[in-house]
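Accompanying notes for the structure given below.
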Number of protein chains: 2
Amino acid sequence: MNPQNPLDNVRIILSHTSHPGNIGASARAMKTMGLSSLVMVNPTHFPDHEADMLAAGALDVLTEARVCVSLDEALSGTVLAAALSARPRELSHNAYYAKQAAGILLEQARHHPVALVFGGETSGLSNEEAIKCQMLVYIPANPEYASLNLAAAVQVMCYELRLALENPPARESEFESATFEEIEMFYRQLEKTMVSTGYLNPDQPKRLLERLRRLFARARLEKEEVNILRGILKALSKHS
Amino acid sequence: MNPQNPLDNVRIILSHTSHPGNIGASARAMKTMGLSSLVMVNPTHFPDHEADMLAAGALDVLTEARVCVSLDEALSGTVLAAALSARPRELSHNAYYAKQAAGILLEQARHHPVALVFGGETSGLSNEEAIKCQMLVYIPANPEYASLNLAAAVQVMCYELRLALENPPARESEFESATFEEIEMFYRQLEKTMVSTGYLNPDQPKRLLERLRRLFARARLEKEEVNILRGILKALSKHS
């Protein structure tokens, strides 16, 4: 199966937002990072002209947003929910920094809907709301003034989700790793091709081959990647 | 010497900002991450009530901000300046992603003043302004809508600076990382070569190129590695 974009599976939930400008700015923040699923729980004003203004080119995110009457309704269908929190809580939650949380959420979002929940501007999430989530998330901040604007917090979290999408951790569950033999066959083919074009002097191959081995070792090649790379080399050799 | 907090050495420069709200929101974004040095070049409205409102608890950053008449004046005394850019430019700059740029700036800021320069809301920095900086910075974003709000971009960059402060890189590899442009030039050459051999159908290139980008992104290419890879492609193309 070729999964949809995992970011489509990440629901941003804004609970009890007071300022409609923050809703619009959050929609814009989401879209700049490739997210589109916005859900509100009892917003004070929505729809609202100021929200539309601040959404700028992300008006479609607002138009398709859902409004719910409870966090339960907003979380319906998700398998994992993370609550943004500016302060430690006396709850039995796992707490993560923004980057770690984004990695965990994105991994789940490859297969199931997940949610990131943001509380209102003044008092954040209630304990009753936070307890419905399975993770707490902290954005690293100045301990003397950690009060990020709501839409700014949405921007940082969506940014980390995008980074998690673009730079997945070394180990991937989705794709199968190449075996030792497959990788060695690729190196042999690469060496042969380089020698045949004169790029590599077979009498002094060592340093160059070592550099290439080091590069591909760092990437931890997957089966399909080895096939692609070998396919390219084969096409080039045939062509020449 | 026990140096001051390096974040105190990072100057945020807002050039030709139109909306005072963005100035206030930027001040708040800065303070939440521990930055305090704000400099404006020809803001349309400043001081301004809306800027004060949106600064919230960061009013002190606004009060101590400087207003300059030119970018030259704003950059005075800095040893390194990075220009935020949403689009590639035809300049001989090194370009970096937000995280890399933050690491480089913070390293310099341990000893000298540095600057991060943000252009106006509508058209960003002029080429005349960008050319006065030594680095270009891109925030990874949705290619279909990459238009971050100004204060949101300030928030992301200040967040990365804070991460760079809190999590300095373990030990830098002895080899220098390739820049954004160098890597993009490699991808272009790779694509061209694959198309010319018929391995890649230019009408349906997407998935294959994405897989290759994903592979090399994981490896975090170094300068010399890009040179080697491009050398191989060049030798193969000549030969054919």
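The values are calculated or read from the model by the stated rules, or taken from the named source; none is laboratory data. Treat the numbers as computed from the prediction; the structure is a model and nothing was measured. In this analysis, Cβ positions are derived from the backbone assuming ideal geometry, glycine residues included, and neighbour counts consider all displayed protein chains. Quick note on the areas: whole protein, heavy atoms, side chains included, nothing else; ligands and nucleic acids left out. Shrake-Rupley method; radii C 1.70, N 1.55, O 1.52, S 1.80 Å.
Values as computed for the structure displayed
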| read-out | value |
| --- | --- |
| Residues losing 30 Å² or more accessible surface upon assembly, the stretch B:4-51, compared with the chain by itself, 1.4 Å | B:R28, B:K31, B:T32, B:M33 |
| Tilt relative to chain A, helix A:223-239 - C-alpha long axis, 0 to 90 degrees, to 10 | 50 |
| Among A:P143, A:P47, A:P20, residue whose mean-square fluctuation peaks in a GNM of chain A (springs only between Cα atoms under 10 Å) | A:P143 |
| Across the identical copies, how the B:G77 labels are spaced - nm, sorted shortest first, 7 Å along Cα→Cβ | 5.5 |
| Selected from B:Y187, B:L200, B:I232, residue furthest toward positive end of dipole (the stretch B:180-239; charges at beta carbon) | B:L200 |
| GNM top mover of A:A217, A:A115, A:A81 - chain A, alpha-carbon springs below 10 Å | A:A217 |
| Helical contribution to [θ] at 222 nm, DSSP H n ≥ 4, -39,500 (n - 2.57), averaged over chain A, rounded to 500 | -14000 deg cm²/dmol |
| Exercise: per-residue mean of other protein chain Cβ atoms within 10 Å, A:219-225 | 4 |
| Label spacing, shortest first and in nm, from B:E144 to its equivalents in the remaining copies (7 angstrom along Cα→Cβ) | 4.4 |
| Cα-based reach from A:K192 at 17 Å (exclusive), listing aspartates and glutamates while leaving out same-chain residues under 8 positions away | A:E181, A:E182, A:E184, A:D203, A:E210 |
| In degrees, nearest ten, helix A:150-166 long axis to first principal axis of chain A (Cα) | 20 |
| Per residue accessible area of chain B, 1.4 Å probe, in Å² | 47 |
| Relative contact order [Cα under 8 Å, 6+ residues apart], chain B, whole percent | 22 |
| Heavy-atom accessible area order for A:T122, B:T78, largest first, 1.4 Å probe | A:T122, B:T78 |
| Mean shadow area of the stretch B:180-239, taken as a quarter of the surface of its Cα convex hull (nm²) | 4.0 |
| Per DSSP, loop GluC sites (Glu not before Pro) in the stretch A:28-127 with at most 10 further Cβ within 10 Å | A:E90 |
| B:E222 accessible area, assembled protein chains, probe 1.4 Å, Å² | 10 |
| With every protein chain in place, the stretch A:111-156: carbon and sulfur % of accessible area (1.4 Å) | 53 |
| Accessible surface buried upon B-A contact (total; probe 1.4 Å; Å², nearest 100) | 5200 |
| Chain B: most fluctuating residue of B:I228, B:I12, B:I139 per GNM, C-alpha cutoff 10 Å | B:I228 |
| The protein assembly as shown - convex hull of the alpha-carbon atoms, volume per residue in Å³ | 165 |
| Cα gyration tensor shape of chain A, rounded if a/c is under 1.5, else prolate or oblate by comparing a/b with b/c | prolate |
